[in-house]
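Right, one structure below, let's go through it.
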């Protein structure tokens, strides 16, 4: 039984072959909840997002080979760097399986079976293992082996058809939602499989695709399209909504934008009275939802003129909030992270070698008895020796030989850490 204050997944070990975001962030969610997550990376390069994007600025600098996105997706994990093209590398992985509860991977569907590490292979070693395979499109069908990324998933799921200006190009959702939504859904499925294993004693294989995750999570357009068997087409509506008006993004003071959503006649009447345009309540252009949708550009102009009468976006927001009109200022991520509404435990300071304290975004759940924990992201191959000694039973001589043969790889930064690799921990406890 997990005690109060301990990670809710304490005692669960995850072998994480996840790369980039869809696979990597799934393991991160489990790590924050207290699971031991051992990341398996290729020699020399490791996860491709280790060096993705800017690494330093005027007032900040990342640790070597740990980019902000790598830190976000891999906080709290251990790293082993194993050559999976080497027969000895595969043997090492198979020696770990008896000690592992969950395997996460996001290769295309043929890769793990081709390595002898598919679910059918692994369950002969540990029958109750839970394996989660994340792909772009699923293990069967004409696109089963096609490569995919967030933008491709947005396109193929129907999501991209809904975003962008009317009669213009579709616009990507800029926050990697195809990756992170799939990661979160995969983590949820893993937890369900572990619960079922507790009841039955049996493991199982989970398949989850980015395309179908986004299709299933569409709570606005897809239900109408599917229920009508494709007859009801939802157009791109830009900064507005296709079913309600006013419901959209409006220009405000200071170059800011404000989202306003009226959810029924009451909120529309309140907004109109705030603006001082009670005549709109009976005007044929604005009296009904259908009429307002037809004349939405006029509605938007009137609302924006009202918003621009305030000196600041915050003042406009406070006026709307005081009347219980649903609204929000469009914030950038730093503004959201430092907003008074964001609790301190959502942005965690984590100590790193070389650079000192780095701020890391925690995963969202807040448990009353078992708070989440945020550790640091690992250096490439940092835990080769500690993990393989503990779980695979290798001695120092075997580990030295495997490193010399290139089966294992340890980044040069590891040898200069303040703490010995064998004793290091990435847990933020």
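FYI, it's all coordinate maths here, none of it is from the lab. All of these numbers come straight from a predicted model, not from anything done at the bench. Positions of Cβ are generated from backbone atoms using ideal geometry, with glycine treated the same way; all protein chains shown enter the neighbour counts.
Brief remarks on what is shown
- Cα-based helix-to-principal-axis angle, 313-322 vs the chain, degrees rounded to 10: 70 degrees
- Across the stretch 302-387, the mean sequence separation of Cα contacts (distance under 8 Å, 6 or more residues apart), normalised by length, yields a relative contact order of 14 percent.
- Prolate is the label for the stretch 58-97, because the ratio a/c of its alpha-carbon gyration tensor axes (a ≥ b ≥ c) is 1.5 or higher and a/b is greater than b/c.
- Whole-Å semi-axes of the stretch 299-429's equivalent ellipsoid (Cα gyration tensor): 51, 16, 13
- Separation between Cα centres of the stretch 50-86 and the stretch 119-170, rounded to whole Å: 24 Å
- Helical mean residue ellipticity (222 nm; -39500 (n - 2.57) per DSSP H run of 4+; nearest 500) of the chain: -9500 deg cm²/dmol
- Among beta bridges from DSSP that stay inside the stretch 1-156, the antiparallel ones total about 5%.
- Note on residue 10 and residue 95: with the Förster distance fixed at 35 Å, the Cβ-Cβ geometry gives a FRET efficiency of about 0.90.
- Beta bridges from DSSP with both residues in the chain: antiparallel share about 45 percent, rounded to the nearest 5.
- Peptide packing: for 335-341, 250-256, the average count of neighbouring Cβ atoms within 10 Å per residue gives the ranking 250-256, 335-341, highest mean first.
- Cβ-to-Cβ counts within 10 Å put 412, 86, 81 in ascending order as 412, 86, 81, the fewest first.
- Percent breakdown of C-alpha pair distances by 5 Å bin, ordered from the shortest bin, for the stretch 230-281: 4, 18, 20, 23, 18, 10, 5, 2, 1
- For the stretch 372-418, a/c is not less than 1.5, where a ≥ b ≥ c are the root eigenvalues of the C-alpha gyration tensor, and a/b does not top b/c. That puts it in the oblate class.
- Relative contact order for the stretch 266-409, counting Cα pairs under 8 Å that sit 6 or more residues apart, in percent: 11 percent
- Spin-label model, residue 285 to residue 390: label points 7 Å out along the Cα-to-beta-carbon direction sit 6.9 nm apart.
- Each residue in 72, 416 was given a count of other beta-carbon atoms within 10 angstrom of its own, and listing them fewest first yields 416, 72.
- Sorted by Cβ neighbour density within 10 Å, fewest at the top, the residues 317, 25, 352: 352, 317, 25
- Net length gained if the chain between residue 368 and residue 243 were fully extended (0.36 nm per residue, minus Cα distance): 41.2 nm
- Alpha carbon convex hull of the chain, volume per residue in cubic angstrom: 177 Å³
- Global geometry of the stretch 3-132, whether rounded, prolate or oblate, following the gyration tensor of its Cα atoms and the 1.5 cut on a/c: oblate
- Computed FRET value (nearest 0.05) for residue 86 with residue 61, which takes r as the C-beta separation and R₀ as 30 Å: 0.30
- FRET efficiency for residue 357 and residue 332, using Cβ-Cβ distance with R0 set to 22 Å, rounded to 0.05: 0.50
- Potential lengthening between residue 195 and residue 216 on full extension [0.36 nm per residue; Cα-Cα distance subtracted]: 5.3 nm
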